[in-house]
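Engineer: Before I ask anything, let me first share the structure, which is written out below as structure tokens.
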Amino acid sequence: MARPGLGLLAAALLLCAPAAQAQEVQSSLLTLDQDQFFLESDFGRAAIERERAATAALEEENQRIQAELVAEEQALTDQRKSLSPEEFSSRAAAFDEKVERIRAEQDAKAQALVAKREEERKAFLQVAGPVLNEILGERQATVILDKRLVIVSLSAIDITDEAIAKLNAALAEPATAPSDEAPGDVATNPDP
């Protein structure tokens, strides 16, 4: 006579077998969600916070400047009746030049924010390279593909969460001597 508990245990083991096999998958290809890797890492979160603060400061500055220019334009309009046409024209031209100069300066500041974002991404890849190289070695894999380029894959080859955890741990450690690994062991795509 068979024990009723053994049948349930056998069924449970059969149901768990695919999950266990998925964790043991050996693949020379790994996938990584580059956006998630950046956005959810401590490095990425700090970079995003710096960018948000700089963007907010620039927006506040733009609003302040706009209010000042609107007031200056209104004052010039109010003076129009008391000025000669030549004097008003001269002041209006000077005001227009000032507005164009300020617009160019503010556009340059916005472009500097975009350039800073790109610098942050490049710095991130410099820091992330050794972590990804370590995962390649641990998994005995040869390449990490951007998850967006893969149509179908096993979840077991997605290393995004593992890479985030390892990167955060590496960044939390105090700076040590340079690694013995040769630079360029990992070729990374600078456009995540």
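Engineer: Return one whole number: the accessible area per residue of region 84-151 in Å², for a 1.4 Å probe. Can you show the working numbers first?
Structural biologist: Details: 4530 Å² over 68 residues.
For region 84-151, the per-residue accessible area is 67 Å².
Engineer: Once label points are set 7 Å from the Cα along Cα→Cβ at both Gln111 and Gln79, what is their separation, rounded to one decimal in nm?
Structural biologist: 3.2 nm
The values are calculated or read from the model by the stated rules, or taken from the named source; none is laboratory data. Treat the numbers as computed from the prediction; the structure is a model and nothing was measured. Note that each Cβ is placed from the backbone with ideal geometry, even for glycine, and that neighbours are counted across all protein chains shown. The accessibility values were calculated without ligands, DNA or RNA, using every heavy atom of the protein model including side chains. Shrake-Rupley method; radii C 1.70, N 1.55, O 1.52, S 1.80 Å.
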